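Let me begin by presenting the structure, written as structure tokens, before commenting on it.
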Amino acid sequence: MADSEYVRTQLLVTRPDRLASIIEALRESADELGWELVPETLGGRPVDPVEVERETRALGGVHPVRPHLVRILSQEVDADASPVDAARLLRRAKSRHTDLIGVELDRIATPDA
């Protein structure tokens, strides 16, 4: 069985119908850490979270499985700045927003040794 490790520089959002509210909740914590968030498609195209929610609602709230990525970038140029860590951001955001659903760590499978 393969192991996995999380990608430190991005999160996976599986609820496009809540993308704007998820970004807002994450951004509060990211700002405190000196990090910037960039919502994207899985193909790397930047998206407007409000527009994604609007499109999803236009479909009656029913959405295909269309996850989005949230890239996490450091705003700090200082070598002593805290390194970007998706798990740290997610823990912090969930501690403040207990209803934060549809966002998770993005994982990469690694083969067994």
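The values are calculated or read from the model by the stated rules, or taken from the named source; none is laboratory data. Nothing here was measured: the structure is a model prediction, and the numbers come from that model. In this analysis, Cβ positions are derived from the backbone assuming ideal geometry, glycine residues included, and neighbour counts consider all displayed protein chains. Quick note on the areas: whole protein, heavy atoms, side chains included, nothing else; ligands and nucleic acids left out. Shrake-Rupley method; radii C 1.70, N 1.55, O 1.52, S 1.80 Å.
Observations
- Residue within the stretch 57-68 that is under 13 Å from the mean Cα position of the chain (by Cα), at pLDDT 90 or above and not aromatic (Phe, Trp, Tyr) present: yes
- Checking residue 53 against (1) at pLDDT 90 or above; (2) crowded, with 16+ Cβ neighbours inside 10 Å, the condition it does not meet: (1)
- Residue within the stretch 78-94 that is of a type in the set (A, V, I, L, M, F, W, C), at pLDDT 95 or above and surrounded by fewer than 18 Cβ atoms within 10 Å (Cβ to Cβ) present: yes
- Members of the stretch 1-50 found to be among the hydrophobic types (A, V, I, L, M, F, W, C) and open to solvent by 70 Å² or more (accessible area, probe 1.4 Å), listed by number: 1, 42, 50
- Residues that are touching a Ser or Thr at 6+ places or on another chain (Cβ under 9 Å) and touching a residue at least 60 places away in the same chain (Cβ under 8 Å) do occur in the stretch 25-36, at least one of them.
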